[in-house]
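Below is one structure, written out as structure tokens, with a few remarks after it.
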Amino acid sequence: MSNWNVIGHEWAVNLLRRQLLRKAFSHAYLFTGPAGVGRRTLALGFVRALVCPQPPEPGVPCGVCRTCRQIEAMRYPDLVIVQAEKEGGVLRVEQVREVRQSLVLKPYQGEYRFALFLRFHESNPSAANALLKTLEEAPSHAILLLTADTPEALLPTIVSRCQVVRLRSLPLQTLETALRERGATPEQARLLAHLSDGRPGLALRFLADSSLLDFRRQRLEELRDLLGSSRVERFAYAERLSDRRHAERERLRETLALWLTWWRDVMRIASGASIPVVNLEYRSDLETLAAQLGVAGARHLVVQAERAIRQLDANVNPRLLTEVVLLDWPRL
């Protein structure tokens, strides 16, 4: 647990650990970076390091005691987790107000009460304002931890009251090594490092659940087929994909996110950037598309995919949305 069970980000762990040793830590932190990069893991590691009753050395949690296991499972009595019901949902003001009321209470087990707000960029304006008030009025035993994609997604007044820790995707070689240490074959490790774009949390999910890779492969193969299909075939596919059931709506969001990685890869290749592609095994197809579309064409499809995800989160009709997306794709 010397690195708090965090893959990479040694600089961030060392920064927070030094603050703990000096007892000069903040009462509000904002961990930012792309989803799956390790924001939540780092936040929970900070909590463990602060409250572990039997650390093997200062600032290093043991990871095996009851307290450490409760925190890792997010069931520690002095830790409350706040997030939108689903990714892309809305974190509501009522949730923040409930937390504010609970923070006033004295801790049950330790010296501090913690509130971890996951994906706070999904909060509505009322929730953001409620959190600002919470930050201003929190008791001395309260520590607030926030995760978000970027600081720019939050109110500047919230950001100014937090210590910001910006996490970035890991070098692919670093992640490959970590995955091999966790049982992945060299081939698996290389593929998953690329698929996750250097985000360890996402890579570990792929490693633990092969069905995620099967789903990804199916959707990308369908994308390849659709690029050569007629309008009638694209309409029929949109009807099948955009089932109105909640579970299928979530699958549609995941599909749009996968398609976004595809078009970003095409844009990277078309621009001549040295950034590694995500969908490594489709390199030949991506290069062909990059040559045909150019930077401008690829960028248009990236923007379209990003907009489609936002519109789906805003409850736009999924079938109409899917039809618009597919009809805008080139026919190759």
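Every number here is computed from the coordinates shown, using simple stated rules; none is lab data. Just so it is clear, the model here is predicted, and its values are computed rather than measured. Glycine also receives a Cβ, built like all others from the backbone with ideal geometry; neighbour counts cover every protein chain displayed.
Worth pointing out:
- Computed over region 10-166, the Cα gyration tensor eigenvalues convert (square root of 5λ each) into semi-axes of 24, 17, 15 Å, ordered from largest to smallest.
- Each residue in 240, 48, 319 was given a count of other beta-carbon atoms within 10 angstrom of its own, and listing them fewest first yields 240, 319, 48.
- Note on region 209-328: with charges restricted to the Cβ of Lys and Arg (+1) and Asp and Glu (-1), its dipole about the Cα centre is near 300 debye.
- Built amide H within the under 5 Å cut-off of residue 80, gap 5+: 114, 115, 116
- Distance between the modelled labels on residue 90 and residue 221, one decimal in nanometres: 3.9 nm (7 Å Cα→Cβ projection).
- Multiplying the residue separation of residue 62 and residue 152 by 0.36 nm and removing their Cα-Cα distance gives an extension gain of 28.9 nm.
- In plain terms, the C-alpha convex hull of region 152-215 casts an average shadow of 5.7 nm² when viewed from every direction.
- In straight-distance terms, cross-link reach from residue 86 covers every one of the aspartates and glutamates whose alpha-carbon lies under 17 Å from its own, apart from those fewer than eight places away in the same chain; here that gives 94, 122, 149, 248, 250, 254, 313.
- Global geometry of region 266-327, whether rounded, prolate or oblate, following the gyration tensor of its Cα atoms and the 1.5 cut on a/c: prolate
- Span from the region 152-201 Cα centroid across to the region 58-101 one, whole angstrom: 21
- Ranked list, fewest to most other Cβ atoms within 10 Å of each Cβ, for 37, 96: 96, 37
- If you run the Gaussian network model on the chain, springs between alpha carbon atoms under 10 Å, then out of 301, 79, 213 the most flexible one is 213.
- Maximal additional length on extending the residue 163-residue 313 stretch stands at 51.1 nm, based on 0.36 nm per residue less the C-alpha distance.
- Positive end of the dipole of the chain (Cβ unit charges, origin at the Cα centre): among 301, 201, 141, the Cα lying farthest that way belongs to 141.
- Once both labels are positioned 7 Å from their Cα atoms along Cα-to-Cβ, the gap between residue 180 and residue 235 label points is 5.3 nm.
- The overall shape of region 172-296 is oblate: from the C-alpha gyration tensor, with semi-axes ordered a ≥ b ≥ c, the ratio a/c is 1.5 or greater and a/b is no larger than b/c.
- One quarter of the surface of the convex hull around the alpha-carbon atoms of the chain equals 17.7 nm², the direction-averaged projected area.
- The loop-placed trypsin sites (Lys or Arg not before Pro) in region 65-119, going by DSSP, that have at most 10 neighbouring Cβ atoms within 10 Å of their Cβ come out as 75.
- Loop sites here are GluC sites (Glu not before Pro) outside DSSP states H, G, I, E and B with no more than 15 other Cβ atoms within 10 Å. The longest part of the chain free of them is 112-332.
- Shown for 229, 126: other C-beta atoms within 10 Å of each C-beta, ranked fewest to most, produce the order 126, 229.
- Fully extending the segment from residue 109 to residue 126 would add 3.0 nm, taking 0.36 nm per residue of separation and subtracting the current Cα-Cα distance.
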